[in-house]
Amino acid sequence: MPDNAKMKAEKVDFFYGPRHALKGIDLDICENRVTAIIGPSGCGKSTFIRLLNRMNELIPNTILKGKISLDGRDIFDPSVDPVEIRRRVGMVFQKPNPFPKSIFENIAYGLKVNGVSSRKIIEERVVKSLQEAALWHEIKDRINDNALKLSGGQQQRLCIARCLAVEPEVILFDEPCASLDPVSTQKIEELILQLKKDYTIAIVTHNMQQAARVSDYTGFFLLGELIEFDRTQRIFTAPSDKRTEDYVTGRFG
Amino acid sequence: MARVKEKAIRWTLAALAFSSLIFLVGIIIVLFKEGLPIFKAVRPGDFIFGKFWYPTYDPPEFGIFPLIMASMWVTLGALCVCVPLGVGSALYLNEIAGFKQRSLLKPAVEVLASIPSVVYGFFGMVVVAPFVQNLLKLDTGLCALTASIILGVMATPTVCSIAEDALNCVPNSFREASFAVGANRWQTLTQVVIPAAGSGISTAVILGISRAIGETMTVLMVAGGSAVIPKSFLDPVRPMTSAIAAEMGEAPVGGLHYHSLFAIALILFIVTFVFNIIAELVSRKFRIRLGQSG
Ligand SMILES: Nc1ncnc2c1ncn2[C@@H]1O[C@H](COP(=O)(O)OP(=O)(O)OP(=O)(O)O)[C@@H](O)[C@H]1O
Ligand SMILES: [Mg+2]
């Protein structure tokens, strides 16, 4: 592959207590590309992307084997601060989860916790990230309103803006459109295509068309294993594994 | 026949449920009926702000200001103990402790709540009061400070368990969102979790206050009992509850002293009632704000 791997998972195994949730995963997340993760429910998609920003270690009794690197550096190395990794690898969740604070405060939060204290810089970045998330023109008059008053689609774009504000290098999306209507979904998809110019993106989705529309690479997970990983076009037109073909054509799962 | 039986069960349960309402109304009626007559002899302003509580002198004086101040001092002191202890342990239990620690500490807090207040009082008299007396070189260890410490420990389980419920109600997605932008544990706790649980935690504190104000046996045993306006935490004091408990036995039924004790009870009732209503309103607002119903 000509593309440059921004993140690399090598022989990753993951356990929730006795449950073996990921088995020997090898997968590259390429720079300035969109990588889609597909597969039936419970196959370990969320588990996998939550490893990429060390979110799973907040869950007790979990074990990780193998190696995950960011720009060639092992992110689980004891010398690496998980807070640093989470700043560089942002995440947008399945359910929009704005804080019960104002729109402004929601976005400013990430900057403040990362030590940005200049009011001017914070204001600039809030506006910039709202613009990047294609939300600015809809809410510019009510930036001090409580974020919970926004619609679901707007909340999700706010969460994307919150993620962009800390200027991550990689953005992980875990089924970002699962709770949204088609119009909001389309907006988020356009946004993802827009964002890949500047960011490296991984997205979990249940929606085959969405994976086909937005991604450059696709990985198909089944029961904790990575069955096939290839260019999206190949996965959807000429998969090499029968199970991938069955899944993408909707004959199973 | 089955119909009749069902109806009978229904009515019995309804009667049981309504009985608590009847008791409440009954208590309120008695408090007003026995408490109000004192105001025929003493003006309400003199009663509440009068500086001297000499109910058995001739002529008697019925100023309960020293008792009110004693209650306030002791309650305030108890708050200084139970808020850090209760909220702190709730934070630790819910946000930091692992499974093993939680399963040890939570029952410990619950047991603390189930100890009878006379045992707390006894412990205060025999252990805490002498300790305070020796430490601060006082004439007596039975004082507002000792009462505050014991009351604070007694109110801690109430504060802790309500604050813990509030923290539990904060959706995990808030914590994840905070971690995902690179916040650390401390920032997540102080800037996301505590504000989100804020009014639930206030509810806990308010209910802790009303627990402390209403407590009787312990303060009777450890507060010292002197009905003088306290000048410091080291003075012996007589809070409203202990005045009622200590004097009711010797006050002739139907006399002014008797009525004045009922009037104190009435004031106490109103105060705790107001605190509980505030707590309820605050916690309702909290539920609405986090988008839950019921
Ligand atoms: N916190 C947890 N504790 C224990 N087991 C878990 C936990 N989270 C997930 N699992 C298990 O790990 C497996 C993979 O779960 P995961 O959430 O990664 O699936 P998924 O592919 O994201 O599914 P979905 O499409 O439904 O979101 C499942 O069997 C699930 O039950
Ligand atoms: Mg998932």
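Which one of these does residue A:133 not meet: (1) without any contact (Cβ under 8 Å) to a residue 60 or more places away in the chain; (2) over 19 Å from residue A:202 (Cα atoms); (3) surrounded by 21 or more Cβ atoms within 10 Å (Cβ to Cβ); (4) not β-branched (Val, Ile, Thr)?
Unmet condition: (2).
What number of residues within segment A:99-124 are touching a residue at least 12 places away in the same chain (Cβ under 8 Å) and either surrounded by 22 or more Cβ atoms within 10 Å (Cβ to Cβ) or at the interface with chain B (Cβ under 9 Å from one of its Cβ atoms) (or both)?
Counting residues in segment A:99-124 that are touching a residue at least 12 places away in the same chain (Cβ under 8 Å) and either surrounded by 22 or more Cβ atoms within 10 Å (Cβ to Cβ) or at the interface with chain B (Cβ under 9 Å from one of its Cβ atoms) (or both) gives 10.
Looking only at segment B:140-163, decide whether some residue is surrounded by fewer than 23 Cβ atoms within 10 Å (Cβ to Cβ), out of contact with any Lys or Arg (no Cβ under 6 Å at 6 or more places or on another chain) and within 14 Å of chain A (Cβ to nearest Cβ).
So far as segment B:140-163 goes, no, none of its residues is surrounded by fewer than 23 Cβ atoms within 10 Å (Cβ to Cβ), out of contact with any Lys or Arg (no Cβ under 6 Å at 6 or more places or on another chain) and within 14 Å of chain A (Cβ to nearest Cβ).
Identify all residues within segment A:160-178 that are within 16 Å of ligand 2 (Cβ to nearest atom), touching a helix residue (DSSP H, G or I) at 6+ places or on another chain (Cβ under 6 Å) and not aliphatic (A, V, I, L, M); write none if there are none.
Those that are within 16 Å of ligand 2 (Cβ to nearest atom), touching a helix residue (DSSP H, G or I) at 6+ places or on another chain (Cβ under 6 Å) and not aliphatic (A, V, I, L, M): A:174, A:176, A:177.
Would you call residue A:96 within 11 Å of another protein chain (Cβ to nearest Cβ) and either more than 30 Å from residue A:11 (Cα to Cα) or not in a helix (DSSP H, G or I) (or both)?
yes
Take segment A:38-89 and flag every residue that is basic (Lys, Arg) and more than 10 Å from chain B (Cβ to nearest Cβ).
Step one: filter segment A:38-89 for residues basic (Lys, Arg), giving A:45, A:50, A:54, A:65, A:67, A:73, A:86-88.
Residues satisfying the conditions are A:45, A:65, A:67, A:73.
As an exercise: evaluate residue A:84 against (1) within 16 Å of ligand 1 (Cβ to nearest atom); (2) in a helix (DSSP H, G or I); (3) of a type in the set (D, E, K, R) and give the number of the one condition it does not meet.
In the conditions (1) within 16 Å of ligand 1 (Cβ to nearest atom); (2) in a helix (DSSP H, G or I); (3) of a type in the set (D, E, K, R), residue A:84 misses (1) alone.
One line per residue, one yes/no per condition, for (1) closer than 25 Å to residue A:229 by Cβ; (2) buried (at least 19 other Cβ atoms within 10 Å of the Cβ); (3) touching a residue at least 40 places away in the same chain (Cβ under 8 Å):
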| position | (1), (2), (3) |
| --- | --- |
| A:11 | yes, no, yes |
| A:17 | no, no, yes |
| A:58 | no, no, no |
| A:68 | yes, yes, yes |
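Would you check which residues across segment A:208-253 are in a helix (DSSP H, G or I), touching a helix residue (DSSP H, G or I) at 6+ places or on another chain (Cβ under 8 Å) and crowded, with 19+ Cβ neighbours inside 10 Å and list them?
Matches in segment A:208-253: A:210, A:211, A:214, A:232, A:235, A:236, A:244, A:248.
For segment B:125-135, check the following and say yes or no: at least one residue is among the small types (Gly, Ala, Ser) and within 30 Å of residue A:57 (Cβ to Cβ).
So far as segment B:125-135 goes, no, none of its residues is among the small types (Gly, Ala, Ser) and within 30 Å of residue A:57 (Cβ to Cβ).
Among the listed residues A:47, A:62, which satisfies the condition of being surrounded by 15 or more Cβ atoms within 10 Å (Cβ to Cβ), over 18 Å from the mean Cα position of the chain (by Cα) and among the polar types (S, T, N, Q)? Let's see the steps before the verdict.
Values: A:47 fails: over 18 Å from the mean Cα position of the chain (by Cα).
Only one candidate qualifies: A:62.
Based on this model, can you work out whether residue A:10 counts as closer than 27 Å to residue A:127 by Cβ and among the acidic types (Asp, Glu)? Spell out how you get there, then give the answer.
Details: closer than 27 Å to residue A:127 by Cβ: no; among the acidic types (Asp, Glu): yes.
No: the conditions fail for residue A:10.
Taking segment B:164-190 only, how many residues are at the interface with chain A (Cβ under 7 Å from one of its Cβ atoms) and of a type outside the set (Val, Ile, Thr)?
10
Of the residues in segment A:41-66, how many are away from ligand 2 (no atom under 11 Å from the Cβ) and either of a type outside the set (Val, Ile, Thr) or touching a Cys at 6+ places or on another chain (Cβ under 7 Å) (or both)?
Summing the residues that are away from ligand 2 (no atom under 11 Å from the Cβ) and either of a type outside the set (Val, Ile, Thr) or touching a Cys at 6+ places or on another chain (Cβ under 7 Å) (or both) in segment A:41-66 gives 13.
For segment B:39-79, enumerate the residues that are in a helix (DSSP H, G or I), within 26 Å of the chain's Cα centre (by Cα) and either exposed (fewer than 13 other Cβ atoms within 10 Å of the Cβ) or among the small types (Gly, Ala, Ser) (or both).
Taking segment B:39-79 and keeping what is in a helix (DSSP H, G or I), we get B:39-41, B:44-49, B:65-79.
Of the ones still in play, those that are also within 26 Å of the chain's Cα centre (by Cα) are B:44-45, B:47-49, B:65-79.
Answer for segment B:39-79, where residues must be in a helix (DSSP H, G or I), within 26 Å of the chain's Cα centre (by Cα) and either exposed (fewer than 13 other Cβ atoms within 10 Å of the Cβ) or among the small types (Gly, Ala, Ser) (or both): B:44, B:45, B:49, B:70, B:71, B:77, B:78.
Within segment A:125-179, can you find the residues that are away from ligand 1 (no atom under 16 Å from the Cβ), assigned to a loop (DSSP other than H, G, I, E, B) and either within 14 Å of chain B (Cβ to nearest Cβ) or out of contact with any Phe, Trp or Tyr (no Cβ under 8 Å at 6 or more places or on another chain) (or both)?
Narrowing segment A:125-179 to residues away from ligand 1 (no atom under 16 Å from the Cβ): A:125-171.
This time we only want the ones that are assigned to a loop (DSSP other than H, G, I, E, B), so: A:133-135, A:143-145, A:150-151, A:166-169.
Result: A:133, A:134, A:135, A:145, A:150, A:151, A:166, A:167, A:168, A:169.
For segment A:17-37, enumerate the residues that are within 13 Å of ligand 2 (Cβ to nearest atom) and either within 14 Å of chain B (Cβ to nearest Cβ) or closer than 22 Å to residue A:71 by Cα (or both). Give the steps one after another, and end with the answer.
The first filter runs over segment A:17-37 and keeps only residues within 13 Å of ligand 2 (Cβ to nearest atom), leaving A:21-22, A:37.
A:37 - this is the single residue of segment A:17-37 that is within 13 Å of ligand 2 (Cβ to nearest atom) and either within 14 Å of chain B (Cβ to nearest Cβ) or closer than 22 Å to residue A:71 by Cα (or both).
Read the figures in this text as sums done on the coordinates, not as results from a lab. The structure displayed is predicted, hence computed values, not measured ones. All Cβ positions, even for glycine, are placed from backbone atoms using ideal geometry, and neighbour counts span all protein chains on display.
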